[in-house]
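See structure below.
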Amino acid sequence: LVDISGTTKICDQDVTQLFFNFSAGNGDWDVYYNVNGTPNPNPFSTSYSTDSLSVSPTITTVYTVDSVSDINCSSLIIDAATITVNPLPEVVVSGGGSICNDGSEVDVIITTTSGTPTFNVEYAVGINSRLASNIGYQHVISTNEAGVYSVTRSTDSEGCIAKSISGNATVNI
């Protein structure tokens, strides 16, 4: 008898563990499983009653145990673990421009594609750090503060961190 479990949600490009807990039989065990319905040709083999397998799915994936065998017998067992893969946020900074020193403002636009809203975006204006919290896919900063605006980090509501951050906006007074 084997129980398969693991983290139920990860971010794209993360590595996680599938845990196998054997409550009957004698090691060594061979676990035959499929990935989203496709049989894995190589069984997971272990001599430990509790062990794990590293996986890094790129899409939501169901790992289903089909059968387990030990040194004495084989048994059809169906148990499954589903790992939902959340996409990473991608951020682009645009806008900016030149304005007169008369209180006029220009827009700096932070656009997030992919990921799961809401987002926390850390950005810099020159050497000064700022935070925009709980924002949607587009955040507009109307400003008359001179400097180069760039995003330094973006995290979505699932805890996924952007690896693709591009662009900046320059504001001249």
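The values are calculated or read from the model by the stated rules, or taken from the named source; none is laboratory data. This is a predicted model, so every value here is computed, not measured. Virtual Cβ from ideal backbone geometry, glycine too; neighbours counted across all protein chains shown. Calculation scope for accessible area: heavy atoms of the full protein, side chains included, ligands and nucleic acids excluded. Shrake-Rupley method; radii C 1.70, N 1.55, O 1.52, S 1.80 Å.
Run the accessible area of region 1-138 with a 1.4 Å probe and give the carbon-and-sulfur part as a rounded percent.
50 percent
Where only protein heavy atoms count, and the probe is 1.4 Å, what is the accessible area per residue for region 97-173 in Å²? Numbers along the way, then the final one.
Numbers: 4100 Å² over 77 residues.
Heavy-atom SASA per residue in region 97-173 reads 53 Å².
I'd like the distance separating the alpha-carbon centroids of region 124-169 and region 5-82, in whole Å.
With region 124-169 and region 5-82 each reduced to a Cα centre, they are spaced 40 Å.
In the chain, what cysteines have no partner Cβ closer than 4.7 Å?
Cys73, Cys100
Could you go through region 35-46 in sequence order and give the Karplus-derived ³J(HN,Hα) for each residue, using 6.51 cos²θ - 1.76 cosθ + 1.60 with θ = phi - 60°, rounded to whole Hz, and x for Gly and Pro?
10, 6, x, 9, x, 7, x, 10, x, 7, 10, 7
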